[in-house]
Amino acid sequence: LPIWKKPVGLGAKRTRTGDIVILLKTESHDSTASIFSAQPIHAVPYVPPVKKTAFDPPTLVTRFESVGRTAGFRLDRFGEHAGTPLVALTKRTPGPRPRIYLSAGIHGDEPAPPLTLLALLEAGIFDDGAGWFICTLLNPTGFMAATRENGDGVDLNRDYQDRRTAEI
C-alpha cells in the first residue's frame, strides 16, 4: 500500500459469481477529512454453506498443519484438549509490517470460520505483506459435538478473564 493509506481493518463480501473477496479497509488523509475506502486484495473460491453437523477435529488439525507447513508457517502446539492438539500457525515477515492475529473455532456450533480459514490457507491468502499469528481451532470438543460450549460445558468466549480452560 502507498504510505498515505493506513490499514484500518479487514472485511469480506461475496461477488455475483459467488467468490468471496477479502477487503482491506484503508484510511486516506487529505486536508479536510478522513475517507474510508475498501479495495479488494484477494478473491477466493466460493465456500458452500455448512450445515450444522459434527466434524472430526484431529483430521481437521492435521490438514491445518499440512497446509500451514506448505504455506511457510511455523507450527506450535500450545496445548491439547480431548486428544486434539491446539495448534498455532505463525509466519513472521521481516521489516515494518502489520501483525495480524486470527482465531477460529471458539464456538463448535459455528464450523464456517475454521473451514473458511483452511480454505484461505489453501488459497495462499496469507502472504508476506504481514506477520500472521493464527489459532486454527480453539474448541475441538465443541466442534466435534456441534455445540457452542467445550466438552466441559464452558463457553470459551466467557473464559478470557478467569482462564479455567486449556483452550484459552
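The values are calculated or read from the model by the stated rules, or taken from the named source; none is laboratory data. Model, not experiment: these values are computed from the prediction. Please note: Cβ atoms are built from the backbone with ideal geometry, for glycine as well, and neighbour counts cover all protein chains shown. Side chains are part of the model used for accessible areas, which takes the heavy atoms of the whole protein and leaves out ligands, DNA and RNA. Shrake-Rupley method; radii C 1.70, N 1.55, O 1.52, S 1.80 Å.
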Note down the magnitude of the dipole of the range 76-168 about its Cα centre, charges +1 on Lys and Arg C-beta and -1 on Asp and Glu C-beta and zero elsewhere, to the nearest 20 debye.
360
Using the per-residue mean of other Cβ atoms lying within 10 Å as a proxy for protection, in what order, highest first, do the peptides 74-82, 148-156 fall?
148-156, 74-82
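For a quick protection proxy, order the peptides 123-131, 86-94 by their average other-Cβ count within 10 Å, most packed first. Write down the numbers at each step before the final one.
Values: 123-131: 15.4, 86-94: 17.1.
Most protected by this proxy first, the peptides run 86-94, 123-131.
With the full set of protein chains in place, find how many percent of the accessible area of the range 67-168 is carbon and sulfur; take the probe as 1.4 Å. Kindly include the intermediate steps, with their values, before the conclusion.
Numbers: 2480 of 5140 Å².
Carbon with sulfur: 48 percent of the solvent-accessible area.
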If you take the square roots of the eigenvalues of the alpha-carbon gyration tensor of the range 55-129 and sort them as a ≥ b ≥ c, do you get rounded (a/c under 1.5), prolate (a/b over b/c) or oblate?
prolate
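Where only protein heavy atoms count, and the probe is 1.4 Å, what is the accessible area per residue for the range 51-132 in Å²?
Values: 4330 Å² over 82 residues.
Dividing the accessible area of the range 51-132 by its residue count gives 53 Å².
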Shape call for the range 99-164, from the Cα gyration tensor axes a ≥ b ≥ c (a/c under 1.5 means rounded, otherwise prolate when a/b beats b/c, else oblate), comes out oblate
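Normalising by the residue count of the range 47-149, find the relative contact order in percent from Cα pairs under 8 Å and 6+ residues apart.
On the way: 193 pairs, mean separation 37.9, N = 103.
So the answer I get is 37 percent.
Where does the charge balance sit around THR116 when Lys and Arg score +1, Asp and Glu -1, over other residues with C-beta under 11 Å from its C-beta?
Details: positive: none; negative: GLU110, GLU122.
That sum, taken over residues with Cβ under 11 Å, equals -2.
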